[in-house]
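K.L.:
First, the structure itself, so that you have it in front of you.
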Amino acid sequence: MQTTIERRTLGVTIKQKKCSIAVWAPNKENVTVVLEEGRRIPLKKNEYGFWTGKTEALFAGQRYKISIDEQAPLPDPTSIFQPLGVHGYSEVVDLQLYQWEDQEWKNPTQAAYIIYELHVGTFTEEGTFDALIYKLDYLKDLGINAIELMPVAQFPGERNWGYDGVYPFAVQNSYGGPRGLQRLVDACHKKKVAVILDVVYNHLGPEGNYLEAYGPYFTDKYHTPWGKAVNVDDAYCDGVRQFIIENMLMWFRDFHIDALRLDAVHAIKDFGAKHILSAMREAADELGRLTGQHYYLIGECDLNDVRYIRHPKDDGYGLHGQWIDEFHHALRVSVGEQQLGYYADFEPIIHLAKSFTETYVYNGIYSPHRKKTFGNAAIGAKGEQFIVFSQNHDQVGNRMLGERSSVLYSKGLQKTMVTAVLAAPYLPMLFMGEEYGETKPFQYFVSHTDAELAKAVQEGRRKEFEQFHSGGEAPDPMSMETFDRSKLNWSLLESETHMAIFQFYKTLIALRKSHSAWRTLDQLRVKTVVFVDQQSLVVNRWDEQESLFFVFNFSSHIQHITLPFKGNLIRIFDTEGILKKTQTDLGRSPIEEVQMAAESASVFQMKPEKSHEKGI
């Protein structure tokens, strides 16, 4: 069965009041759809392991399961809605019935994105898509134009980060299901906000994962941190590849999602002639030609391999972009993070400067932590292909206590860190709550029903970060208190202190949007000067219109930074506060040195008439 770009072909689909059914179950002798009330609809075996049928007995809202070889019925692996959870009946949903109101929406260029990562279940007290809609004006006021949703594929229970999803096509019931997600995306587009969805194609969660009962979705040819790898290049892989590509197309076509963030693509093991990522890029581009929209694929990848983000015509895998953890790591050690675990590979200031100009810190050099030469150079890649951050769900939640920067660092360092993120020639991403200094943690939580599995999760988490932290007890991932503790406390915005932090973020984002050199995402137009002894860094970015200088003092002392040139500058931003022009206008005479308060950052502009095209 071939993938059809313009419509869904797998699972149960409705067209002209008739249901088409397609189930991939190679090597099975009998496949039957079993309706909730007991009626059975036998399917016919076709080519390449697909079982198909057409019926008028199934309609929107009706529930069903699938029986394989006369065994106990199981949920549909391509179910769009699991109203009763991962073990319950699947429900027929006609995605085409939703009346979209986003006809005027046009996904902006990726370079324009200011991204805000959030977890639907903890972003609001209600933890639903509909509740999130009421926060869109707040996000717009902040300056956000793209939200990134952590995974929403159906997982066990009502509490999970989303990476234990077991129904890639089904939208989490407790969040509002498929209709709730369609309403959210529609509302975002009416507010001119793009939607990025985090999806997981490298593994499925352990509870409610019935895929192997249907067919060889996994292979023991490779192993991953989660066990057997998803089968994208072994025998019978065609059905699995179609499953993945159709899932991607569904999000773009039927939910109007603008971009997908692909979890840990380095764990997708594919040594076939055409990498699954390349095939996904081709299908996304084909859909884009059909709809007139741009669709982006953004990977989480820790291999520092530029092939992942090169276009397939240049022998790449075709991702439009990737997260850059190394920027985060270099920034963290620059503000005092202990050099333990993977942080041991990073030198303060020096490696942060390298990340500003070369993106990959380990670009073909020896990694002491990995004990091998690692990575290659990001040659030919554009700044807009990289996403940087000082916090995200992993870097906060994978701490034993889930502490945020707001409780780990001083206010000065917090402001300096986000200034560094927004100063980089890449796409910036904020993590929910950081913009007002949220003090509640973001901890790891699950709601498994299997006691043995819950215990295994607890022990696994403890081992994962034991070299990072010592003392105290890890929060119980199964506890309701752990989940509630991770919900944002929006009442903090009622305090003057936290509102001031929000205004700081808002001002900084607005400045980034208003300066042409700041918006020029080109690593070739970035130069740095490192002051190791002073724990300081100067970053110069420029275009034909202006030259900007970002000066960072990560030390706890006032520093006098000697600039590597002599010129007329205006201080346009300072983390210590909004300064009067008489104090900030340094352009009356050329200067060679600036005084920087402890744990602070400043942004200077070279006057247009004196701007230079080649930097310092």
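K.L.:
Residue under question is Y360, and the condition is that it be open to solvent by 40 Å² or more (accessible area, probe 1.4 Å) and assigned to a loop (DSSP other than H, G, I, E, B); does it hold? Show your work before the answer.
P.N.:
Details: open to solvent by 40 Å² or more (accessible area, probe 1.4 Å): no; assigned to a loop (DSSP other than H, G, I, E, B): yes.
It is false that Y360 is open to solvent by 40 Å² or more (accessible area, probe 1.4 Å) and assigned to a loop (DSSP other than H, G, I, E, B).
K.L.:
What's the number of the only condition in (1) out of contact with any helix residue (DSSP H, G or I) (no Cβ under 8 Å at 6 or more places or on another chain); (2) under 27 Å from E117 (Cα atoms) that H223 fails to meet?
P.N.:
Going through (1) out of contact with any helix residue (DSSP H, G or I) (no Cβ under 8 Å at 6 or more places or on another chain); (2) under 27 Å from E117 (Cα atoms) one by one, H223 breaks only (2).
K.L.:
Give me a count of the residues in the stretch 375-427 that are of a type in the set (D, E) and more than 25 Å from N553 (Cβ to Cβ). Write out each step before concluding.
P.N.:
Let us first name the residues in the stretch 375-427 that are of a type in the set (D, E), namely 384, 394, 403.
Restricting the remaining residues to those that are more than 25 Å from N553 (Cβ to Cβ) gives 384, 394.
Counting residues in the stretch 375-427 that are of a type in the set (D, E) and more than 25 Å from N553 (Cβ to Cβ) gives 2.
K.L.:
Another one. Within the stretch 463-566, which helices (runs of 4 or more DSSP H) (wholly inside it) include 1 or more residues that are more than 28 Å from I387 (Cβ to Cβ) and acidic (D, E)?
P.N.:
Details: elements: 480-485, 496-514, 516-519.
Where helices (runs of 4 or more DSSP H) fall fully within the stretch 463-566 and carry at least 1 residues being more than 28 Å from I387 (Cβ to Cβ) and acidic (D, E), they are 480-485, 496-514.
K.L.:
Does G162 count as under 22 Å from L84 (Cβ atoms) and either in a strand (DSSP E or B) or under 20 Å from the mean Cα position of the chain (by Cα) (or both)?
P.N.:
Numbers: under 22 Å from L84 (Cβ atoms): yes; either in a strand (DSSP E or B) or under 20 Å from the mean Cα position of the chain (by Cα) (or both): yes.
Judged against the criteria, G162 is a match.
So that you can scan it fast, the table gives a plain yes or no per residue for (1) free of Cβ contacts under 8 Å to residues at least 60 places away in the same chain; (2) part of a loop (DSSP other than H, G, I, E, B); (3) open to solvent by less than 10 Å² (accessible area, probe 1.4 Å):
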position: L303; (1), (2), (3): no, yes, no
position: Y317; (1), (2), (3): yes, yes, no
position: F327; (1), (2), (3): no, no, yes
position: A330; (1), (2), (3): yes, no, yes
position: P348; (1), (2), (3): no, yes, no
position: F356; (1), (2), (3): no, no, yes
position: T373; (1), (2), (3): yes, no, no
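K.L.:
Looking only at residues in the stretch 594-611 that are open to solvent by 40 Å² or more (accessible area, probe 1.4 Å) and within 18 Å of S547 (Cβ to Cβ), which one is modelled with the highest pLDDT? Outline the logic, then answer.
P.N.:
Step one: of the stretch 594-611, the residues open to solvent by 40 Å² or more (accessible area, probe 1.4 Å) are 595, 599, 607-610.
From the residues that got through so far, the ones that are within 18 Å of S547 (Cβ to Cβ) too are 607-610.
Values: K607: 68, P608: 59, E609: 57, K610: 49.
By that ranking, first place goes to K607.
K.L.:
Same structure again: What about V166, is it farther than 30 Å from E435 by Cα, in contact with a Leu (Cβ under 6 Å, 6 or more places away or on another chain), of a type in the set (A, V, I, L, M) and open to solvent by less than 10 Å² (accessible area, probe 1.4 Å)?
P.N.:
Details: farther than 30 Å from E435 by Cα: yes; in contact with a Leu (Cβ under 6 Å, 6 or more places away or on another chain): yes; of a type in the set (A, V, I, L, M): yes; open to solvent by less than 10 Å² (accessible area, probe 1.4 Å): yes.
Taking the combined requirement at face value, the residue satisfies it.
K.L.:
Taking S278 and the conditions (1) assigned to a helix (DSSP H, G or I); (2) open to solvent by 30 Å² or more (accessible area, probe 1.4 Å), which numbered condition does it fall short on, given that it satisfies the others?
P.N.:
Checking S278 against (1) assigned to a helix (DSSP H, G or I); (2) open to solvent by 30 Å² or more (accessible area, probe 1.4 Å), the one that fails is (2).
K.L.:
Y201: touching a strand residue (DSSP E or B) at 6+ places or on another chain (Cβ under 8 Å) and over 23 Å from L297 (Cα atoms), yes or no?
P.N.:
Numbers: touching a strand residue (DSSP E or B) at 6+ places or on another chain (Cβ under 8 Å): yes; over 23 Å from L297 (Cα atoms): no.
Spelling it out, it is not the case that Y201 is touching a strand residue (DSSP E or B) at 6+ places or on another chain (Cβ under 8 Å) and over 23 Å from L297 (Cα atoms).
K.L.:
Also: Take the residues in the stretch 388-435 that are part of a loop (DSSP other than H, G, I, E, B) and free of Cβ contacts under 8 Å to residues at least 40 places away in the same chain; name whichever of them is most open to solvent (accessible area, probe 1.4 Å).
P.N.:
So the residue we want is E403.
K.L.:
Can you tell me how many residues in the stretch 226-235 are open to solvent by 10 Å² or more (accessible area, probe 1.4 Å) and either in contact with a helix residue (DSSP H, G or I) (Cβ under 7 Å, 6 or more places away or on another chain) or within 30 Å of V193 (Cβ to Cβ) (or both)? Show your work before the answer.
P.N.:
First, the residues of the stretch 226-235 that are open to solvent by 10 Å² or more (accessible area, probe 1.4 Å): 226-228, 230, 233-235.
Among the residues that remain, those that are also either in contact with a helix residue (DSSP H, G or I) (Cβ under 7 Å, 6 or more places away or on another chain) or within 30 Å of V193 (Cβ to Cβ) (or both) are: 230.
Of the residues in the stretch 226-235, 1 are open to solvent by 10 Å² or more (accessible area, probe 1.4 Å) and either in contact with a helix residue (DSSP H, G or I) (Cβ under 7 Å, 6 or more places away or on another chain) or within 30 Å of V193 (Cβ to Cβ) (or both).
K.L.:
State the number of residues belonging to the stretch 181-196 that are touching a helix residue (DSSP H, G or I) at 6+ places or on another chain (Cβ under 6 Å) and within 18 Å of R253 (Cβ to Cβ).
P.N.:
The number of residues fulfilling the criteria is 3.
K.L.:
In addition: State the number of residues belonging to the stretch 116-159 that are assigned to a loop (DSSP other than H, G, I, E, B) and of a type in the set (K, R). Working first, answer last.
P.N.:
Within the stretch 116-159, the first condition is being assigned to a loop (DSSP other than H, G, I, E, B), and the residues that meet it are 119, 124-128, 134-135, 143-145, 150-152, 155-159.
This time we only want the ones that are of a type in the set (K, R), so: 135, 159.
Final tally of qualifying residues: 2.
K.L.:
Further, regarding this structure: In this structure, is Y342 out of contact with any helix residue (DSSP H, G or I) (no Cβ under 6 Å at 6 or more places or on another chain), without any contact (Cβ under 8 Å) to a residue 40 or more places away in the chain and not in a loop (DSSP other than H, G, I, E, B)? Please lay out each step first, then the result.
P.N.:
On the way: out of contact with any helix residue (DSSP H, G or I) (no Cβ under 6 Å at 6 or more places or on another chain): yes; without any contact (Cβ under 8 Å) to a residue 40 or more places away in the chain: yes; not in a loop (DSSP other than H, G, I, E, B): yes.
Spelling it out, Y342 is indeed out of contact with any helix residue (DSSP H, G or I) (no Cβ under 6 Å at 6 or more places or on another chain), without any contact (Cβ under 8 Å) to a residue 40 or more places away in the chain and not in a loop (DSSP other than H, G, I, E, B).
K.L.:
Among (1) closer than 21 Å to Y342 by Cβ; (2) in contact (Cβ under 8 Å) with a residue 40 or more places away in the chain; (3) of a type outside the set (S, T, N, Q); (4) part of a loop (DSSP other than H, G, I, E, B), which single condition is H448 missing?
P.N.:
(1)
K.L.:
Something else now. From (1) open to solvent by less than 30 Å² (accessible area, probe 1.4 Å); (2) within 30 Å of A500 (Cα to Cα); (3) at pLDDT 90 or above, pick out the condition that doesn't hold for T584.
P.N.:
For T584, the failing item is (3).
K.L.:
If we keep just the residues of the stretch 59-69 that are among the aliphatic types (A, V, I, L, M) and outside any loop (DSSP other than H, G, I, E, B), which is surrounded by the most Cβ atoms within 10 Å (Cβ to Cβ)? I'd like the intermediate steps shown before the answer.
P.N.:
Here is the first cut: in the stretch 59-69, the ones among the aliphatic types (A, V, I, L, M) are 60, 66, 68.
Filter once more, keeping what is outside any loop (DSSP other than H, G, I, E, B): 66, 68.
Values: I66: 28, I68: 20.
So the residue we want is I66.
K.L.:
While we're on this one: How many residues are closer than 21 Å to P216 by Cα and out of contact with any strand residue (DSSP E or B) (no Cβ under 8 Å at 6 or more places or on another chain) when one looks only at the stretch 71-103?
P.N.:
3
K.L.:
Considering only residues that are touching a Ser or Thr at 6+ places or on another chain (Cβ under 6 Å) and of a type in the set (S, T, Y), which ones fall in the stretch 361-403? Steps first, please.
P.N.:
Start the filter on the stretch 361-403 by keeping residues that are touching a Ser or Thr at 6+ places or on another chain (Cβ under 6 Å), which leaves 361, 366, 374, 378, 386, 391.
Matches in the stretch 361-403: Y366 only.
K.L.:
Residues in the stretch 249-260: is at least one open to solvent by less than 20 Å² (accessible area, probe 1.4 Å), assigned to a helix (DSSP H, G or I), in contact with a Gly (Cβ under 6 Å, 6 or more places away or on another chain) and not aromatic (F, W, Y)?
P.N.:
We begin by selecting, within the stretch 249-260, every residue open to solvent by less than 20 Å² (accessible area, probe 1.4 Å); these are 249-252, 254-255, 257-260.
Next cut, assigned to a helix (DSSP H, G or I) only: 249-252, 254.
Retained after the next criterion (residues that are in contact with a Gly (Cβ under 6 Å, 6 or more places away or on another chain)): none.
No, that holds for no residue.
K.L.:
For residues in the stretch 70-87 being surrounded by fewer than 17 Cβ atoms within 10 Å (Cβ to Cβ) and within 29 Å of the chain's Cα centre (by Cα), which is farthest from R179 (Cα to Cα)? Even if it seems obvious, please write down each step before you answer.
P.N.:
Going residue by residue through the stretch 70-87, those that are surrounded by fewer than 17 Cβ atoms within 10 Å (Cβ to Cβ) are 70-72, 83-84, 87.
Narrowing further to those that are within 29 Å of the chain's Cα centre (by Cα): 83-84, 87.
Details: P83: 12, L84: 16, H87: 21 Å.
Going through the qualifying residues, I end up with H87.
K.L.:
State whether one or more residues within the stretch 75-96 are under 17 Å from A60 (Cα atoms), at pLDDT 95 or above, touching a His at 6+ places or on another chain (Cβ under 9 Å) and not polar (S, T, N, Q).
P.N.:
So far as the stretch 75-96 goes, yes, one or more of its residues are under 17 Å from A60 (Cα atoms), at pLDDT 95 or above, touching a His at 6+ places or on another chain (Cβ under 9 Å) and not polar (S, T, N, Q).
The values are calculated or read from the model by the stated rules, or taken from the named source; none is laboratory data. Just so we're clear, the structure is a prediction, and the values are computed from it rather than from any experiment. Note that we place each Cβ from the backbone using ideal geometry, even for glycine, and neighbour counts take in every protein chain shown. Just the protein is used for accessible areas: all its heavy atoms, side chains included, with ligands, DNA and RNA removed. Shrake-Rupley method; radii C 1.70, N 1.55, O 1.52, S 1.80 Å.
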